[in-house]
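Enquirer: Sharing a structure below in structure tokens format, with a few things to ask.
Only the coordinates and a few stated rules stand behind these numbers; no lab work does. The shown structure was predicted, so the numbers you read here are calculated from the model rather than taken from an experiment. Cβ: placed from backbone, ideal geometry, glycine included. Neighbour counts: every protein chain shown.
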Amino acid sequence: MSEAQATFLSDGRLHLHHGPIDLIIEASGPGASAGYERAVRRFQPLLAELAAELPALRTDINHGPTICSPVGRSMAAAVQVFQPTFVTPMAAVAGAVADAVLAALVGKGIKKAYVNNGGDVTIHLTRGESFTAAVVSEQPSRFKIRHEDPSRGIATSGWRGRSHSLGIADAVTVLATTAAEADAAATLIANAVNLPGHPSVQRKPASELYPDSDLGQRLVTTGVGPLTISETLEALERGRQNASTMLANGFIHAAALSLNGELIVV
Amino acid sequence: MTEPLRQGDKIRCDACPVMCYVAPGKTGACDRYANLDGVIIRTDPLTLLDNRIAEGGQIKPFLKADWDNKPFNCDDFQVTAMGAGTTYPDYKPAPFIVSKKIDGIDFVTVVSEAIFSYCGVKVKIDTDRHIGDEGSTVRYQGEAVGLVITGEYGSQMLSLGGVDHLTGGGKAEGKSTCEALMRLCNKEAVELFIDGGSKVVVQAGKPPIVDEKVEERMRVGCGSATIGMFASQWKGLVDEVVVVDDHITGVVSEHQAGKVLGWEDTGIRVKGRRSTPGRYFEVAEPGLGWGGTNIEDPLTILGDWNPKKGARPGLSILMVSTTGDQYGYYMLDEDLVPRKQAMPDTLIPSVELIGENCEPALCTVMFMGGAGGSLRSGATNNPVRLTRSVQAGTTTVTVGGAQAYVWPGGGITIMVDVTATPDMAFGYVPTPAIVAPLEFTTTLEEYERLGGHRTSVRTLDDILAKGGEYGSNVRAIQK
């Protein structure tokens with residue numbers, strides 16, 4: 001079995017890889033190299049910790065067993081708030097891993113840092129620092145998070161991504177306090193952007209695509225055919241309602257939903 | 001181990017602590033490891049083509065550890081760019097620059113997965129059916145992806161893709177074009193619709209399906225050519241032979257080939273437009289009947305028989321299509337009306353010979369693309385020297401190990417038969433553009449002369465042992 005791997009990319013960023021996880025990490029400030037060392041140390045056992053309680057992490061939070069590992073607990077906490085909607089802690093796994101590694105990295109002499117886990121990003125900013133992110137979509141855009149802003153987590157979900165989605169959103173990007181929270185919210189909003197029973201949408205049971213999937217027999221999107229503009233907006237509206245409720249409850253700070261070239265921002 | 005290695009047909013991947021059970025043909029949570037025929041393999045390893053693997057296209061993974069320790073024989077291996085990854089920006093050395101010895105000369109293969117914004121496929125469809133007018137738009141998923149171009153002998157031709165469909169049209173057009181190209185190049189069956197014409201299912205190396213009908217055979221030639229080929233075999237066995245064909249229908253007694261053999265006039269009259277003696281255009285409409293025409297009863301193309309020019313009761317006639325699929329034997333009655341008869345055994349071999357001489361009808365997909373852009377910088381510091389070296393034939397170009405034809409003229413415009421490339425060799429990027437494995441091979445001496453990335457050259461053994469920036473596993477597939 002392969003161990004966790006740590007390599008520096010040619011531009012000086014740190015690449016951590018283990019099994020399905022790939023993290024790209026950058027830190028600045030005099031304490032950066034010490035920070036990288038702490039990140040590597042934290043990362044080494046992380047996947048094994050999660051794997052040890054995978055069955056629990058793959059169970060619906062509404063009747064899931066107790067979770068012990070620290071990263072598992074933050075995953076569970078991030079999805080807990082959405083009960084009674086069906087969701088498993090796995091909806092927050094990418095964000096929670098990023099959060100955990102960043103938490104280890106941050107320390108003395110780190111001015112600014114981020115951990116990017118395949119698009120789910122967590123950032124650390126000291127006073128005066130800001131973080132600019134680019135969103136690649138039909139209308140490419142940038143946004144800036146400053147030290148005084150509350151958001152430290154950015155996550156994107158959609159059926160085209162690596163994880164399976166119950167919905168048809170091309171991408172839902174969410175800003176929240178942590179990456180785990182952003183990850184969970186993005187997953188659920190992307191699930192909500194949907195046109196149930198629409199003939200253009202191809203779906204397959206998740207377990208058929210990936211036998212161990214936490215989504216079990218639930219139908220996940222495997223293809224989206226032509227949609228009219230009104231159908232597109234109808235699907236986005238379902239997601240928007242979901243996102244607005246989350247915003248009103250303070251779970252997220254902002255969300256951008258895109259489908260079929262249309263973009264709405266909440 | 002407390003858990004079983006298998007769960008039904010799923011096998012456990014122990015590459016990482018997640019230990020997924022992976023179903024046949026599926027990947028684990030990481031998308032990197034897959035279950036291929038009961039074996040866990042890397043989905044994207046650097047691919048080596050191994051002559052030593054037995055027939056049957058078996059794919060097997062191998063690592064440094066389980067390699068059989070035979071010394072590497074260069075004739076057995078070719079490094080391909082599949083799974084090599086790409087470097088961006090391009091001026092960084094290509095992911096693998098391999099040096100290997102061939103007949104004592106140090107060869108260098110520069111291996112990269114190239115992104116082709118300028119590319120397309122030329123499709124040859126072996127059928128005489130009229131699948132659409134020249135210049136007609138070809139559609140995939142309702143989007144325009146190319147057009148019908150000038151036909152070839154026994155084949156219809158399509159030209160698909162190109163930069164104007166990939167990036168010059170709308171987003172949906174580009175996406176559909178990219179998908180159609182990738183699937184065609186990966187030898188998948190693709191359903192194409194031709195404006196004002198047919199629905200054609202095209203799959204490289206497989207018979208075309210035109211309007212739900214599978215094409216079995218190419219015609220042996222046009223009707224006139226068939227007469228030319230077989231006239232002597234019919235002489236003395238039958239009084240008249242008509243070869244029915246949508247392009248040119250041939251009549252042996254009038255045809256030059258029959259005249260030379262001293263064939264006598266029969267008083268036959270064929271409807272349609274006479275081209276030269278014994279050769280008739282437009283005897284019927286194009287269709288799915290005899291010889292690519294719409295006729296089911298061949299007698300409908302014949303007029304009255306003229307007794308002044310040789311028609312007589314008892315005159316025998318063979319009518320046959322250009323594939324030998326349809327045939328009939330007739331005899332003129334007292335009123336000079338042809339009546340169907342059982343075919344004499346003596347004529348059967350000639351009809352069978354027509355069928356035997358027909359090639360199986362297939363689809364050919366040629367990938368064509370321009371490799372003269374910035375990716376050259378991955379191979380050398382002086383890109384134009386690479387272009388010149390390729391044009392001079394000193395550096396050879398392969399796509400997934402398959403020899404590419406390099407077009408004369410400027411740039412590096414290549415063409416390759418996709419059936420010669422390994423399975424699933426082609427991918428895409430959302431630009432949209434096609435990603436194809438591309439290898440430049442030359443001598444080490446020439447490579448240095450070109451300004452190659454000398455310090456990045458590694459031996460094959462070194463790559464097998466240490467891998468590249470993107471992983472250390474390689475697989476061998478049959479060359």
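Enquirer: For region B:317-375 and region A:165-190, compute the distance between their C-alpha centroids and round to whole Å.
Expert: Computed from Cα coordinates, the inter-centre distance equals 62 Å.
Enquirer: Under a point spin-label approximation (7 Å from Cα along Cα-to-Cβ), what is the B:Phe193-B:Asn382 distance to one decimal in nm?
Expert: 5.4
Enquirer: Given charges of +1 on the Cβ of Lys and Arg and -1 on the Cβ of Asp and Glu, with all other atoms neutral, how large is the dipole of region A:5-265 about its Cα centre, in debye to the nearest 20?
Expert: Details: 21 positive and 23 negative charges, 116 e Å.
For this selection, approximately 560 debye.
Enquirer: Same structure, new question: So if R0 is 41 Å, what FRET efficiency would B:Met343 and B:Asp133 give, r being the distance between their Cβ atoms, rounded to the nearest 0.05?
Expert: Efficiency, rounded to the nearest 0.05: 0.60.
Enquirer: Another question about this same structure. What length, rounded to one decimal in nm, is gained on full extension from B:Lys213 through to B:Leu353, with 0.36 nm per residue of separation minus their alpha-carbon distance?
Expert: Details: separation 140, 0.36 × 140 = 50.40 nm, distance 2.37 nm.
Between B:Lys213 and B:Leu353, full extension yields 48.0 nm more.
Enquirer: Quick one: Karplus J couplings for region A:39-54, per residue in order, coefficients 6.51, -1.76, 1.60, θ = phi - 60°, nearest Hz, x for Gly and Pro?
Expert: Per-residue couplings from phi come out as 4, 4, 5, 5, 5, 3, x, 4, 5, 5, 4, 5, 4, 4, 10, 4 Hz.
Enquirer: Classify region A:82-169: rounded, prolate or oblate, from the alpha-carbon gyration tensor (a ≥ b ≥ c, eigenvalue square roots; a/c under 1.5 rounded; otherwise prolate if a/b is larger than b/c)? Before the final figure, lay out each step's value.
Expert: Working: a/c = 2.28, a/b = 1.45, b/c = 1.57.
Oblate, since a/c reaches 1.5 and b/c is not below a/b.
Enquirer: How well do other chains shield peptide A:47-56, expressed as the mean number of their Cβ atoms within 10 Å of each residue Cβ? List each step's numbers first, then the result.
Expert: Working: counts 3, 3, 1, 2, 4, 1, 0, 5, 0, 0.
Partner-chain Cβ atoms within 10 Å, mean over residues of A:47-56: 2.
Enquirer: Pull up all non-local amide H partners of A:Trp159: gap of 5 or more, or a different chain, and H-to-H distance under 5 Å with H placed in the peptide plane.
Expert: A:Ala169
Enquirer: Under a plain spin-label model, where a point goes 7 Å from the Cα along Cα-to-Cβ, how far apart in nm are B:Asp164 and A:Thr59?
Expert: Result for the modelled spin labels: 6.2 nm.
Enquirer: Extension gain A:Cys68-A:Arg13, at 0.36 nm per residue separation less the Cα-Cα distance, in nm?
Expert: 16.6 nm
Enquirer: Of the trypsin sites (Lys or Arg not before Pro) in region B:162-259, which ones lie in a loop per DSSP and count no more than 15 other C-beta atoms within 10 Å?
Expert: B:Lys235
Enquirer: Then there is this: Along region B:148-157, what does the Karplus equation 6.51 cos²θ - 1.76 cosθ + 1.60 (θ = phi - 60°) give for ³J(HN,Hα), rounded to whole Hz, x for Gly and Pro?
Expert: Ordered by residue, 3J(HN,Hα) equals 7, 10, 4, x, 10, 4, x, 9, 9, 10 Hz.
Enquirer: Continuing with the same structure: Please find the FRET efficiency linking B:Glu152 to B:Asp423, where r is the Cβ-Cβ separation and R0 is fixed at 30 Å, and quote it to the nearest 0.05. Mind showing how you got there, number by number?
Expert: On the way: r = 27 Å, r/R0 = 0.91.
Result of the calculation: an efficiency of 0.65.
Enquirer: Select from A:Ala206, A:Thr126, A:Ala169 the residue farthest towards the positive end of the dipole of region A:102-211; place +1 on Cβ of Lys and Arg, -1 on Cβ of Asp and Glu, and compute about the Cα centre.
Expert: Sorting the options by dipole projection puts first A:Thr126.
Enquirer: Can I ask one more? Note down the magnitude of the dipole of region A:112-266 about its Cα centre, charges +1 on Lys and Arg C-beta and -1 on Asp and Glu C-beta and zero elsewhere, to the nearest 20 debye. Walk me through the numbers before you get to the answer.
Expert: Working: 13 positive and 15 negative charges, 52 e Å.
Taking the Cα centre of region A:112-266 as origin, the dipole is about 240 debye.
Enquirer: Dipole magnitude of region B:223-356 about its Cα centre, charges +1 at Lys/Arg Cβ and -1 at Asp/Glu Cβ only, in debye to the nearest 20?
Expert: Details: 12 positive and 19 negative charges, 107 e Å.
Dipole magnitude for region B:223-356 comes out near 520 debye.
Enquirer: Give a residue-ordered list of calculated ³J(HN,Hα) values for region B:184-200 (Karplus: 6.51 cos²θ - 1.76 cosθ + 1.60, θ = phi - 60°; whole Hz; x for Gly, Pro).
Expert: Result, ordered by residue: 4, 5, 8, 6, 8, 7, 10, 8, 10, 10, 9, 4, x, x, 9, 9, 10 Hz.
Enquirer: Same structure, new question: Using +1 at the Cβ of each Lys and Arg and -1 at the Cβ of each Asp and Glu in region B:205-359, identify which of B:Leu302, B:Val252, B:Leu237 lies farthest towards the dipole's positive end.
Expert: B:Val252
Enquirer: Something else about it: For peptide A:19-28, compute the average count of partner chain beta-carbon atoms within 10 Å of each residue's beta-carbon. It would help to have the intermediate numbers written out before the result.
Expert: Details: counts 12, 10, 4, 2, 0, 0, 0, 0, 0, 0.
So the per-residue partner count for this stretch is 3.
Enquirer: Would you mind classifying region B:223-356 by shape? Square roots of the alpha carbon gyration tensor eigenvalues, ordered a ≥ b ≥ c; an a/c under 1.5 is rounded, otherwise it is prolate if a/b is larger than b/c and oblate if not. List each step's numbers first, then the result.
Expert: Working: a/c = 1.21, a/b = 1.12, b/c = 1.08.
In terms of gyration-tensor shape, rounded.
Enquirer: Select from A:Leu227, A:Ile67, A:Leu46 the residue farthest towards the positive end of the dipole of region A:5-265; place +1 on Cβ of Lys and Arg, -1 on Cβ of Asp and Glu, and compute about the Cα centre.
Expert: The listed residue farthest towards the positive side: A:Leu46.
Enquirer: Considering every Cα-Cα pair within region A:5-265, what fraction, in whole percent, is farther apart than 27 Å?
Expert: 37
Enquirer: Rank by packing, highest mean first: peptides B:297-303, A:74-80, B:206-212, with packing defined as the count of other Cβ atoms within 10 Å averaged across residues.
Expert: On the way: B:297-303: 16.0, A:74-80: 23.7, B:206-212: 17.6.
Top to bottom by mean Cβ count within 10 Å: A:74-80, B:206-212, B:297-303.
Enquirer: Amide H to amide H under 5 Å from A:Thr178: which residues, 5+ apart in sequence or cross-chain, H placed 1.01 Å off N in plane?
Expert: A:Arg152, A:Gly153
Enquirer: Give me a single rounded figure for B:19-29: the average over its residues of other chain Cβ atoms within 10 Å of their Cβ. Mind dumping the intermediate values first?
Expert: Details: counts 5, 7, 3, 3, 6, 0, 0, 4, 2, 5, 11.
Shielding by partners across B:19-29 averages 4.
Enquirer: When ranked by the protection proxy of mean other Cβ atoms within 10 Å per residue, highest first, what sequence do the peptides B:431-442, B:239-250, A:13-24 form? If you can, show how the numbers build up before the last one.
Expert: Values: B:431-442: 23.8, B:239-250: 27.6, A:13-24: 20.2.
Top of the packing list down: B:239-250, B:431-442, A:13-24.
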